């Protein structure tokens, strides 16, 4: 992702307006939390959970490349913004005194949900920045390590294609062909492997089993 530097004047204005907005939102949310039955210090901390999630999700959304992790960050951002807006509206519209039990329940649910969302967001962001969003399985690693001709791997050969395993062929049946025909098939197998085809695809094209193709390719490397 290309880094963009914000001018100092713009940064100062953003910070000033951001702090002012958070302070106003904090006052309204703390009042709703206190009227929902939370104690003094709990009511003072509750707005930090809501607006803190907004800040954390915003940071993740603007520092990640397009993908599932960034979409998840945007989802959390708008969810937290929705809770903050609802709290501010409730502060303005609800009558003085204790709030309805449904509102108090919503206030009580926010902290554990926010803790779970923040923990998940931190893991998703760390994996995305490390480029490990989708760890490879043991089967994929083993397929990548399969022996081949002494040619560098290409992007096409690095791709894995899941195909049904062919029926095993009795030993010796495939070697009944004349020697010159087998040599031509071996040469063709190496050409197709260099072109990036998998062992299974090569076997389909030359009419031999995957085991035979693998044996021929290993023999060409040894020679």
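Every number in this text was worked out from the coordinates using simple rules, so none of it is lab data. This is a predicted model, so every value here is computed, not measured. Cβ atoms come from the backbone with ideal geometry, glycine included; neighbour counts cover every protein chain shown.
Worth pointing out:
- Share of Cα-Cα pairs in segment 82-127 lying beyond 18 Å, as whole percent: 43
- Protection-proxy order for peptides 46-54, 100-108, each taking the mean of Cβ atoms within 10 Å per residue, highest first: 46-54, 100-108
- Spatial separation of Cα centroids for segment 82-110 and segment 43-71, in angstrom: 21
- Cα-based convex hull volume of segment 1-77 per residue, rounded to whole Å³: 92
- Three-way shape label, segment 8-130, alpha-carbon gyration tensor, a/c 1.5: oblate
- Sorted by Cβ density within 10 Å, fewest first, the residues 23, 190: 23, 190
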